[in-house]
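Every read-out reported here was derived from the displayed coordinates using simple, explicitly stated rules and does not represent laboratory data. Predicted model only: the values in this text are computed from it and were never measured. Positions of Cβ are generated from backbone atoms using ideal geometry, with glycine treated the same way; all protein chains shown enter the neighbour counts.
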Amino acid sequence: MENDRNWAGNYRYSASELHVPENVGQVQELVARGSRMKVLGTRHSFNGIADSTESFLSLEKLNRVTALDHTRNKVTVEAGIRYGELCQYLHSNGYALHNLASLPHITVAGACATATHGSGDLNGNLATAVHALEVVKADGETVVFSREQQDGLIAGAVVGLGGLGVVTKITLDVIPVFQMSQYVYDNLPLVHLKEHFDDIFGSSYSVSLFTDWKKATFNQVWLKRRITDQASAQVEPEFFGATRATAHRHPVPGHTSENCNEQMGIPGPWYERLPHFRMDFTPSAGDELQSEYFVPRQDAYHALCAIDSLREYISPLLYISEVRTISEDDLWMSPCYKQDSVAIHFTWKPNWGAVQQVLPMIEKQLAPFQVRPHWGKLFTMPPARLQSLYEKLPNFQQLLLRCDPQGKFRNAFLNKYIMEN
């Protein structure tokens with residue numbers, strides 16, 4: 001199979017064939033006659049969660065908006081659509097999504113299946129916008145999960161980890177269009193989060209802190225603010241000890257900012273401010289590795305201090321680390337299930353041998369906080385430990401068996417971390 005690696009190049013897929021169906025009927029036919037398969041999206045997972053030993057299905061041709069409900073404020077899309085295309089469509093029709101990830105190039109279905117997120121105290125992950133899903137089950141038949149159904153199974157299906165079948169259609173909640181501005185501040189001392197964590201992260205619609213962990217300081221603070229009809233809030237030259245940037249910034253020190261969305265308070269549409277990177281910038285294969293860990297919000301400062309104690313091991317291997325807040329949700333396999341959370345993200349240099357040695361150190365330091373890893377990124381946590389962190393895991397296992405009794409959509413990753421007890 002051509003392009004047999006993920007976006008970052010660190011994982012080689014095992015599938016021997018790739019199918020590109022043009023409609024749901026073809027998806028049903030392929031699924032019904034296949035034995036082992038997975039959906040291949042934009043290949044932004046860093047582990048084997050999306051791998052298959054036999055067949056891949058690409059939904060790149062199922063990428064249309066199929067309905068926009070102005071009465072109920074919902075949009076229905078085919079599962080192959082990427083956020084970039086969807087955002088432009090919504091904006092031109094007066095609508096927006098509540099949040100976006102750092103990159104706008106990923107598919108809606110893939111992002112929701114792995115609980116991918118943006119930032120913001122009041123913003124749930126991207127999957128929380130899902131109102132309904134259409135899924136082709138292992139037998140080739142379709143099933144719909146919806147918030148309107150009384151069985152509550154939609155909460156298990158949304159972050160489905162690719163195990164239920166092929167998601168072919170998604171209905172999302174949308175909100176009225178809005179404008180945003182973005183400001184960057186330099187050098188926020190970690191210690192200032194001890195007393196001002198809520199003030200810092202509550203200061204804007206979306207907040208990101210970046211550090212290379214070379215010292216106990218965040219190199220940059222990115223504040224993404226909604227522009228209201230009232231006069232814009234006064235932009236101070238300092239922000240809890242950080243100084244307002246006088247030029248555009250890239251999150252990684254030394255990198256050019258030309259691929260980043262506008263900063264310096266320049267107003268723009270929501271979809272050109274919520275992601276860090278521009279939609280017209282197509283990221284090439286990323287020469288990097290990624291890990292991310294979620295801790296309860298109330299433990300965030302102590303968790304960050306625990307990581308700071310490892311900075312001599314972390315910083316030589318790191319491009320950048322990002323800290324964001326995510327609101328709680330009711331999605332069974334979401335790392336933010338029933339808890340407001342803080343995500344601590346690591347973008348590593350492509351040295352898996354060395355990163356593989358430091359991840360257990362990070363996980364040990366964060367263990368007292370019931371840390372949960374991102375499903376689509378690199379971690380070394382034992383399966384039994386991971387399973388113990390998800391109280392709805394037995395329900396999710398039952399849902400998988402109901403949709404896919406023979407394991408057509410399960411693979412080594414799902415068997416190891418989800419099904420094996």
Give the order of S334, S388 when sorted by the count of other beta carbons within 10 angstrom, beginning with the fewest.
S388, S334
Evaluate region 65-176: find the radius of gyration of its Cα atoms, find its Kirkwood radius, and give the ratio Rg to Rh.
0.94
Can you tell which of L209, Q263, I344 lies farthest toward the positive end of the dipole of the chain, using +1 and -1 charges on the Cβ of basic and acidic side chains (Lys, Arg; Asp, Glu)?
I344
With the label point 7 Å along the Cα-to-beta-carbon line of T380 and a cut-off under 12 Å to each amide N, the hits in region 341-369 are 352-365
Expressed as an acute angle from 0 to 90° and rounded to the nearest 10, what is the orientation of the C-alpha long axis of helix 83-92 relative to the principal long axis of the chain?
80
Two-decimal Rg/Rh of region 179-383 from alpha-carbon positions, Kirkwood Rh?
0.95
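Rounded to the nearest 0.05, what FRET efficiency do E391 and E236 have when you use their Cβ-Cβ distance and R0 = 41 Å?
FRET efficiency, E391 to E236: 0.45.
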For W222, W352, which order do you get if you count the other beta carbons within 10 Å of each Cβ and list the fewest first?
W352, W222
List the relative contact order of region 17-58 as a percent without decimals, with contacts defined as Cα pairs under 8 Å and 6+ residues apart.
56
Can you figure out the FRET efficiency of E60 with S16, using R₀ = 25 Å and their beta-carbon distance, to the nearest 0.05?
0.85
Cβ density ranking, 10 Å radius, fewest first, applied to D51, D69 yields D69, D51
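Suppose every Lys and Arg Cβ carries +1 and every Asp and Glu Cβ carries -1, with no other charges. What dipole size does region 17-58 come out with about its Cα centre, to the nearest 20 debye?
Charge dipole of region 17-58: 120 debye, to the nearest 20.
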Check: C-alpha center region 180-215 vs C-alpha center region 81-145, spacing in Å is 27
Expressed in nm to one decimal, what extension gain is obtained for the pair Y89 and Q370 from 0.36 nm per residue of sequence separation less their Cα-Cα distance?
97.2 nm
How much length, in nm to one decimal, is gained on full extension between T142 and K349, taken as 0.36 nm per residue of separation minus their Cα-Cα distance?
70.3 nm
Ordering of 235-241, 359-365, 183-189 by burial proxy (mean other Cβ atoms within 10 Å per residue, highest first)
183-189, 359-365, 235-241
Calculated from DSSP helices alone, with each H run of at least 4 adding -39500 (n - 2.57) and the total divided by the residues of the chain, [θ]222 nm to the nearest 500 comes to -5500 deg cm²/dmol
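Report the relative contact order of the chain, percent, no decimals, based on alpha-carbon pairs under 8 angstrom and at least 6 residues apart. Mind dumping the intermediate values first?
Details: 933 pairs, mean separation 75.2, N = 421.
Reported as a whole number, the value is 18 percent.
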Per the rule of 0.36 nm per residue minus the C-alpha distance, extending K416 to F178 adds in nm 81.4 nm
What is the distance, in nm, between label points placed 7 Å from the Cα along the Cα-to-Cβ direction at I266 and at Q298?
4.3
Out of these labelled values of semi-axes √(5λ) of the Cα gyration tensor in Å, [x] 37, 27, 20; [y] 33, 25, 20; [z] 42, 27, 21, which was calculated from the coordinates shown here?
[y]
If I model a spin label as a point 7 Å beyond the Cα along the Cα-Cβ vector, how far apart are those points for L401 and D4 in nm?
3.5
So which residue, out of T142, T114, T66, gets the largest mean-square fluctuation from a GNM of the chain using Cα contacts under 10 Å as springs?
T66
Among L304, Q397, L59, the residue whose Cα sits farthest towards the positive end of the charge dipole of the chain, when +1 is placed on the Cβ of each Lys and Arg and -1 on the Cβ of each Asp and Glu, is Q397
Toy charge model, Lys and Arg Cβ at +1, Asp and Glu Cβ at -1: the chain dipole around Cα centroid in debye, rounded to 20, equals 480
Under a crude label model (7 Å from the Cα following the beta-carbon direction), how far is T71 from A247 in nanometres?
5.5
Around K74, with a cut-off of 13 angstrom between Cβ atoms, what is the net charge of the other residues, counting Lys and Arg +1 and Asp and Glu -1?
0
